[in-house]
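Chemist: Just dropping this structure here.
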Amino acid sequence: MDEKKIKCGDIRVAMDEEPVIWMDRKRITIFALPWTFTKYELTPSRLVISTGFINQKEEEIRLYRVKDVTYTQSLIERIGGTGTLRIISNDASVPEIHLDHIKNARKVKDVISQSVEVARRENGVRTSELMGGAMTGGPFADNDGAESLGPNMVPDFDGDGIDDRTEL
């Protein structure tokens, strides 16, 4: 076999690139022109935010980690035909990101929401929400006797890994 030796900085693995579903730039609010150095790119599995001209930074959020997408539009954004999306995720480095002054923001929100659902299904990620009032008298009770469970936590007083509210 006549293989070339690998040099410092070389990569021998060919990675499949994902198709880009949507791409835009942060725009100036008054004129709705993309004269900034912030770029947004959405693929089927991630959202990438690139910023900077001289010093560049790239943040990535895996879509299965996205918890909520909110759309807002100010009066100036309405005039310019843009809007802002606020994305909340479980990502440690980027728990909240704003996609500021983007074109077709409402449609982009729908595309991101659908992509999040597909990414969750493909990665086997399930989420659950606890609904209902406060409980009293368990090991998570505070001084008032009301439960203070964290998000996505369930009472498991006997330590068997099963939600004690559902055991009969």
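Chemist: Please go through region 74-83 and pick out each residue that is buried (at least 16 other Cβ atoms within 10 Å of the Cβ) and either assigned to a loop (DSSP other than H, G, I, E, B) or at pLDDT 95 or above (or both).
Modeler: Correct list: empty.
Chemist: Tell me the residue from I97, I87 that is of a type in the set (V, I, T), modelled with pLDDT of 95 or more and under 11 Å from the mean Cα position of the chain (by Cα), please.
Modeler: I87
Chemist: Could you grab me the full set of residues in region 64-86 that are in contact with a helix residue (DSSP H, G or I) (Cβ under 6 Å, 6 or more places away or on another chain) and in contact (Cβ under 8 Å) with a residue 40 or more places away in the chain?
Modeler: Of everything in region 64-86, those that are in contact with a helix residue (DSSP H, G or I) (Cβ under 6 Å, 6 or more places away or on another chain) and in contact (Cβ under 8 Å) with a residue 40 or more places away in the chain turn out to be Y64, V66, V69.
Chemist: Among the residues of region 43-51, is there at least one that is under 11 Å from the mean Cα position of the chain (by Cα), open to solvent by less than 80 Å² (accessible area, probe 1.4 Å) and not hydrophobic (A, V, I, L, M, F, W, C)?
Modeler: Scanning region 43-51, I find at least one residue that is under 11 Å from the mean Cα position of the chain (by Cα), open to solvent by less than 80 Å² (accessible area, probe 1.4 Å) and not hydrophobic (A, V, I, L, M, F, W, C), so the answer is yes.
Chemist: Looking at region 99-114 only, could you name the residues that are open to solvent by 80 Å² or more (accessible area, probe 1.4 Å) and not in a helix (DSSP H, G or I)?
Modeler: Of everything in region 99-114, just one residue is open to solvent by 80 Å² or more (accessible area, probe 1.4 Å) and not in a helix (DSSP H, G or I), namely N104.
The values are calculated or read from the model by the stated rules, or taken from the named source; none is laboratory data. This one's a predicted model, so the numbers in the text were calculated from it and none came from an experiment. All Cβ positions, even for glycine, are placed from backbone atoms using ideal geometry, and neighbour counts span all protein chains on display. SASA here: full protein model, heavy atoms, side chains in, ligands and nucleic acids out. Shrake-Rupley method; radii C 1.70, N 1.55, O 1.52, S 1.80 Å.
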